[in-house]
Amino acid sequence: MMTLTNDERFQFCDQLTRRNVLKIGALGFGFGTLGLPDLLRAEAPANKKSPHKALINIFLGGGPPHQDMWDLKMNAPVEIRGEFSPISTKIPGIQIGEVFPRIARVMEKCVVIRSVVGSVGAHDAYQCMTGWSARDLAFIGGRPSLGAVTAKVLGPVDRAVPPFVGLTETTRHVPWSDAGAPGFLGASQSAFKPEGPGMADMIPSANIAGGRLTNRKELLASLDGLKREADHTGKMVAMDAFTSSAFNVLTSSKLVDALDLSKESPEVRARYGTGQPYNYQYDGAPTANEQLLLARRLVEAGVRCVSLTFGRWDSHGQNFNLVRDHGTKLDQCLSALIEDLEHRGMLDDVTVIAWGEFGRTPRINKDAGRDHWPQVSCALMAGGGMKGGQVIGSTNRLGENAETRPVHFQEIVATLYRNLGINPLSKPIIDPAGRPQPLVENYLPLPEVV
């Protein structure tokens, strides 16, 4: 929370007390306490882009079963095929799993990738957020996520709205709640997380609201005193013109309004659903359907990248019951998001992707589950100006390996950068040692969708 308290025991010559401290906390950034002015300062060189391109990155934490979702294997033996039947979609010749009838109706806007390869097998969100292994450049902080790079390269659309927001909720298996790390770009490019302390940081404390500091000029005058202390002691980062931009965030209602679902009509909220009850959550994320609605509202307000984790797909047991539950809920909110973006004229500018860290074993285990299978996985994309209504790649009869057109994680990430307006090959970013680092490693955006 933003606080300015008074302690008469310690005063400076300008009558500003030592306890008159501006506290623009971590804003949920996750790397200790980070001043909002520092974030805005780091974003300053970036130019605003028009039109506003954006990404909604939906991580299906735990590894969704490709052969029960977008790549059913009806010619495989029963111990591999599973319990689901395929259904036809709006595009002749394309079939998907029976729990996704609403996705089937908007398939002309979607791209299904059935042959995602290159998984390092890690049980976390890192590769879906960056395209890289967590081991890459770990000695300098690791590779930055899509959201962090976007914030750094493009900057904010609106100074009152963070360019990168993470809606991921805290999970007991912590790596599934990764909203996308800033890596070597540093904490100033972290995702804003609008929950817990982050939300409190956006609301001025009652004593300020009560009139003691109702005038921004009065507040900035106090900040000038703090700046003098900082310059004298060296204990604080000097406050400059970016401080006023920080207060634009804190005093603007734009972000708070975007996070307020009560401003949506009951009809729209009903289309997305709630995803409750949260079944099969265990140590993972809830099936919080309304987070996809929040993502649309945030993008509409000016956010460039929204990341979230939907469900807990680590189906070592009860795989088919889990897919019926999670899949049905995902079908409702993901199709609603795609239709909503189209209705608002945003779909060509906003890319939506739903994917996980790996696939599941072809063979069903003794607990009616499927285990980890990094050899191949799947993804569903929509929007972003891409050519929809197609399937890319295929797996073999048993769903074991990519048989045609293997698609590497980094090809997908390169496509996401391209859709955001960032050339992944010609736009290296500089690491702390001053060396240019590529966004992807010699992978081009998917030519099928361009």
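The values are calculated or read from the model by the stated rules, or taken from the named source; none is laboratory data. Since this is a predicted model, take the numbers as computed values, not measurements. Please note: Cβ atoms are built from the backbone with ideal geometry, for glycine as well, and neighbour counts cover all protein chains shown.
The helices (runs of 4 or more DSSP H) located wholly in segment 252-349 that include 2 or more residues which are within 30 Å of Thr361 (Cβ to Cβ) and among the aliphatic types (A, V, I, L, M) occupy 319-343. Would you mention how many residues in segment 85-115 are buried (at least 19 other Cβ atoms within 10 Å of the Cβ), farther than 20 Å from Asn75 by Cα and in contact with a helix residue (DSSP H, G or I) (Cβ under 6 Å, 6 or more places away or on another chain)? Here the count works out to 4. Name the residues in segment 62-84 that are of a type in the set (A, V, I, L, M), closer than 17 Å to Asn401 by Cα and surrounded by fewer than 16 Cβ atoms within 10 Å (Cβ to Cβ), would you? The answer is Met74, and nothing else. Taken over segment 438-450, the criterion of being in contact with a Leu (Cβ under 9 Å, 6 or more places away or on another chain) and surrounded by 13 or more Cβ atoms within 10 Å (Cβ to Cβ) is satisfied by Pro438, Leu439, Val440, Tyr443, Leu444, Pro445.
Condition first: at pLDDT below 95, in contact with a Gly (Cβ under 9 Å, 6 or more places away or on another chain) and outside any loop (DSSP other than H, G, I, E, B). Can you find one or more residues in segment 42-55 that meet it? So far as segment 42-55 goes, yes, one or more of its residues are at pLDDT below 95, in contact with a Gly (Cβ under 9 Å, 6 or more places away or on another chain) and outside any loop (DSSP other than H, G, I, E, B).
If you filter segment 416-437 down to residues that are of a type outside the set (A, V, I, L, M), free of Cβ contacts under 8 Å to residues at least 40 places away in the same chain and in contact with a strand residue (DSSP E or B) (Cβ under 8 Å, 6 or more places away or on another chain), you find that the one that is surrounded by the most Cβ atoms within 10 Å (Cβ to Cβ) is Pro428.
All of Gly383, Gly345, Gly369, Gly317 fail the test of being modelled with pLDDT of 95 or more and within 20 Å of the chain's Cα centre (by Cα), apart from Gly383. Looking at the structure I just gave you, is Leu347 buried (at least 20 other Cβ atoms within 10 Å of the Cβ) and either of a type in the set (A, V, I, L, M, F, W, C) or more than 22 Å from Tyr126 (Cβ to Cβ) (or both)? For Leu347, the condition - buried (at least 20 other Cβ atoms within 10 Å of the Cβ) and either of a type in the set (A, V, I, L, M, F, W, C) or more than 22 Å from Tyr126 (Cβ to Cβ) (or both) - is met.
Is it fair to say Ile353 is part of a strand (DSSP E or B) and aliphatic (A, V, I, L, M)? Answer is yes for this residue. Just to be sure, is Ala181 of a type in the set (Gly, Ala, Ser), assigned to a loop (DSSP other than H, G, I, E, B) and either buried (at least 24 other Cβ atoms within 10 Å of the Cβ) or in contact with an Asp or Glu (Cβ under 6 Å, 6 or more places away or on another chain) (or both)? Answer is yes for this residue.
Scan segment 322-336 and give yes if some residue there is in contact with a Cys (Cβ under 6 Å, 6 or more places away or on another chain) and of a type outside the set (A, V, I, L, M), otherwise no.
No, segment 322-336 has no match at all.
For segment 58-110, the candidate set comprises residues that are of a type in the set (Lys, Arg) and part of a loop (DSSP other than H, G, I, E, B); within that set, the residue that is farthest from Arg370 (Cα to Cα) is Lys90.
If you go through segment 122-170 and keep only what is among the charged types (D, E, K, R) and farther than 17 Å from Pro438 by Cβ, you end up with Asp124, Asp158, Arg159, Glu169. If the condition is being under 18 Å from Cys128 (Cα atoms), polar (S, T, N, Q) and in a loop (DSSP other than H, G, I, E, B), then segment 364-398 contributes only Gln375. Enumerate the pairs (first residue in segment 168-197 and more than 22 Å from Leu293 (Cβ to Cβ); second residue anywhere and surrounded by fewer than 19 Cβ atoms within 10 Å (Cβ to Cβ) and among the β-branched types (Val, Ile, Thr)) with beta-carbon separation below 6 Å, excluding pairs fewer than 6 apart on the same chain, so at least 6 apart or on different chains. Note: pairs meeting the criteria are Phe184/Ile140. Taking the criterion of being touching a helix residue (DSSP H, G or I) at 6+ places or on another chain (Cβ under 6 Å) and at positive phi, the residues of segment 116-136 that qualify are Gly118, Gly131. Scanning segment 402-424 for residues that are among the β-branched types (Val, Ile, Thr), more than 9 Å from Gly118 (Cβ to Cβ) and not in a helix (DSSP H, G or I) yields Thr404, Ile422. Within segment 162-178, being part of a strand (DSSP E or B) and out of contact with any Gly (no Cβ under 7 Å at 6 or more places or on another chain) holds for one residue alone: Val165.
For segment 116-161, the set of residues classified as out of contact with any Lys or Arg (no Cβ under 9 Å at 6 or more places or on another chain), in a loop (DSSP other than H, G, I, E, B) and either of a type in the set (Ser, Thr, Tyr) or buried (at least 24 other Cβ atoms within 10 Å of the Cβ) (or both) consists of Ser119, Ala125, Arg143, Ser145, listed by residue number.
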